[in-house]
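Asker: Here you go, one structure.
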Amino acid sequence: MKVDLKNATNRQVDLSLAGMTCASCVSTIERSLNKLPGVRAAVNLAMESAHIIAPNNISDAQLISAVTAAGYSAKAFKGERESFERSNRLGIRVLLTLLFTTPVILISMFHDWHAQIDKNLLQYLDSFNSLLQSNKATFEIAYPQAPITTWLLIALSLPVVFIFAWPIHRAAMKNLLNPTMDTLVSLGSLISFAWSAYSAFDYQPNSEMPNIYVEVSAAVIFFVMLGRYLEHRAKHKAGSSLAELFKLSVSEVEIKVENENRIIPIDQLQVGDIFVVKPGDRIATDGQVISGFTTVNNAFLTGEVTPMEVSIGSLVFAGSINNNGNIIVKATRVGSETELARITRMVLAAQSEKAPAQQLADRVSKVFVPVVLLLSIATFFAWYLNEANLSKSITTAVAVLVIACPCALGLATPIALLVAGGKAARSGVVIRSPRSIEKSVGITDAVFDKTGTITSGQMLLQQMTLINNPLTTANTAIATLDLMSYALSIESMDSHPVAVAISKALSKQGIKVLKVSEFEHTPGSGVAGRVQSTISATSKAVLIGTPISIARATTAFSPEIQKAIDSGVARSNSIAVLAVDGLAYGVFEVGDEIKSESKSAILHLQKLGINTWLATGDNQEAAITIGTEVGVPADHIFANASPADKLALVENLQAKGKVLMIGDGINDAAALAKADLSIAMGSGTDTAIAVADITLIRSSLNAVIDSLAISKKSVKIIKSNLGWAFFYNVVGIPIAASGNLSPMYAAAAMSCSSLFVVLNSLRIK
């Protein structure tokens with residue numbers, strides 16, 4: 001088929017894949033896809049997906065056919081949460097394998113048990129035959145020629161090798177032309193089992209004990225499946241960030257048609273449709289407000305906790321939450337064109353790119369596996385052609401296969417991660433996968449989000465300035481407690497975030513709430529009402545609102561009031577002015593709070609030689625105020641940063657070094673996924689947590705320092721684990737090929753290698 005590449009335009013295609021087990025599978029699928037004209041494919045093993053840039057001339061069916069031709073299955077990725085959900089069948093399979101493998105290994109290790117086991121089993125057999133005779137059966141079960149313990153071991157190993165290990169054998173068969181780690185595991189277990197069964201059938205009484213190596217088969221399968229299970233748990237989390245993004249989408253929307261409202265599926269909504277958004281609802285799609293006033297939570301887009309006030313003419317975005325008012329919106333973008341859909345695509349594209357460091361075992365699998373297979377075959381013929389008997393030739397070849405079996409390679413990183421994860425958890429740090437700790441080495445730049453990362457992410461009353469008597473006349477004096485009661489009485493009736501912060505702070509001080517009448521809320525200005533006086537039967541006219549709105553209803557602000565307003569504005573905080581009977585008596589400054597340890601943590605990173613940067617969706621004044629206070633250089637501060645801006649900053653820094661991104665919001669997700677190492681605050685959104693390499697359960701930037709220290713030590717342990725695994729193979733394979741190592745001792749060497757990996761990993765503690 002010819003494809004007109006000159007006139008073809010490119011499109012992005014994402015496929016869900018099944019059947020991959022290692023890097024050999026990844027390269028096989030990539031080669032098959034990249035053979036198609038104009039196609040560029042990147043396969044992600046952790047997400048089990050392919051991110052493809054293909055000409056419009058090439059259909060999804062052609063791409064899926066290319067994957068199928070390589071021996072794997074694929075389907076179009078539509079973004080459903082089900083695409084990322086995995087079952088617990090592997091965990092059950094590992095548990096059952098353990099139950100059957102444990103007695104096989106123990107009985108094989110303790111030969112003194114054999115006589116007693118033989119005696120007991122023969123007694124059971126005699127009892128069964130007696131039962132058959134009493135029921136006048138015409139047959140009985142004869143004693144086996146081989147010791148009955150031998151047949152017990154074979155029977156216990158049978159389900160392990162042929163049932164529980166079936167996915168491994170199936171993968172090996174699919175990759176006959178491109179052998180993988182599964183090929184070694186499958187061949188080693190099957191040959192060991194087959195030779196053990198043959199030896200048991202061929203056993204002659206009064207001869208040497210049969211050559212039984214079923215414990216090799218069972219142990220190899222168990223250790224490999226255990227490593228796969230630990231890896232599977234990390235894989236399960238790798239794709240869940242997109243599922244969290246999908247939760248922001250609504251399935252239905254209420255539209256206005258002529259004089260009635262109608263609920264329709266979201267996929268039927270068209271540009272230009274008018275739809276209703278009630279308090280507490282998510283906004284269905286991007287649009288422009290044509291009626292109503294409210295505040296909306298745009299945290300997924302900006303990462304900022306301060307709700308945005310919207311009115312007629314304001315733009316709103318799909319996924320945002322309507323806080324407190326009814327609004328009517330005209331749809332301007334729908335479906336894949338919304339801002340939420342764009343962020344989703346950025347996260348998917350960033351996650352689909354290659355990680356900078358792949359597991360060493362997978363990187364060398366193309367060479368390691370075929371070489372071991374050839375060595376095993378060569379060993380068999382070398383012995384057999386040199387007049388060795390068939391048993392000796394097979395035994396030596398199996399020893400080569402077994403000792404080279406990559407159990408230690410499979411356990412090197414998951415076990416180290418498990419130990420590191422335990423230590424990290426005690427420090428309030430969750431490490432997601434082996435690649436997370438590999439990527440912590442060599443960090444040159446650290447990019448911080450502001451809200452929820454450097455700051456607490458909560459609106460709090462930062463400063464309160466109260467003037468008892470602005471005019472210094474007797475009849476205008478009001479006690480401080482009375483002023484606080486007036487403020488609490490009015491603000492407790494309002495749901496605005498600034499009012500809520502003021503109410504919470506005053507309530508904690510035990511301030512009394514007074515009776516309020518004629519309460520009125522003016523959107524964008526503030527609240528007003530008449531509050532019962534504390535000293536007379538009359539009521540006071542109390543107003544709380546923005547400085548501009550209060551200035552219009554009162555006399556000129558006193559110098560103390562104006563100074564408090566200017567100070568709060570300089571800190572980029574929200575300002576509410578309290579006025580009573582036309583006079584301004586107080587200023588409430590509400591804003592986000594810098595975490596106490598933020599400055600010390602940032603300075604510590606700088607001492608480690610790591611450049612620090614701040615990227616926030618907040619305004620320039622707030623960004624510079626917060627950034628410089630915690631020690632970030634002024635020229636490293638980026639304000640009004642959208643998700644795309646944060647992603648671009650990370651990409652630019654990656655051109656010169658290795659980037660760490662620290663954030664907590666959905667708006668940080670794309671940058672987190674793109675960064676070489678990403679850390680999410682545990683108090684942040686599920687999407688940020690799911691996409692990040694490391695999550696800080698302890699909402700402190702000091703945990704960043706701890707996570708880097710733990711990760712760096714873990715990398716050293718993993719390298720030593722892998723180094724040992726390869727060293728013992730390099731030394732053990734020649735010994736096994738020389739005929740001086742039976743499969744039993746080869747299995748012991750394999751087990752010792754795995755044990756070394758586990759014990760070495762414990763040093764992380």
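Asker: Listing Val250, Val447 from the residue with the fewest other Cβ atoms within 10 Å to the one with the most, what is the order?
Answerer: By the 10 Å Cβ count, ascending, the order reads Val250, Val447.
Asker: Output the peptides 109-118, 639-648 sorted from most to least packed, where packing is the average of other Cβ atoms within 10 Å over each peptide's residues.
Answerer: 639-648, 109-118
Asker: Going through the range 90-165, which trypsin sites (Lys or Arg not before Pro) have at most 15 other Cβ atoms within 10 Å and a DSSP loop state?
Answerer: Lys136
Asker: A further question follows. Taking the Cα of Phe110, stepping 7 Å toward and past its beta carbon, and measuring to each backbone N in the range 116-156: which are under 12 Å?
Answerer: 116-117
Asker: Between Ala137 and Lys504, what is the spin-label point distance in nm, taking each point 7 Å from the Cα along the Cα→C-beta axis?
Answerer: 7.5
Asker: While we're here: For Leu125 and Thr473, calculate 0.36 nm times their separation in residues minus their Cα-Cα distance, and state this gained length in nm to one decimal.
Answerer: 114.3 nm is the gain from fully extending Leu125 to Thr473.
Asker: Let me ask something additional. In nanometres, what is the gap between the two model label sites at Thr522 and Leu98, each 7 Å from Cα along Cα-to-Cβ?
Answerer: Label at Thr522, label at Leu98, 6.9 nm between them.
The numbers here are math on the coordinates, done by the rules we state, and not lab data. Bear in mind the structure is a predicted one, so any value in this text is a computation, not a measurement. Here the Cβ is made from the backbone with ideal geometry for all residues, glycine too, and neighbour counts use every protein chain on show.
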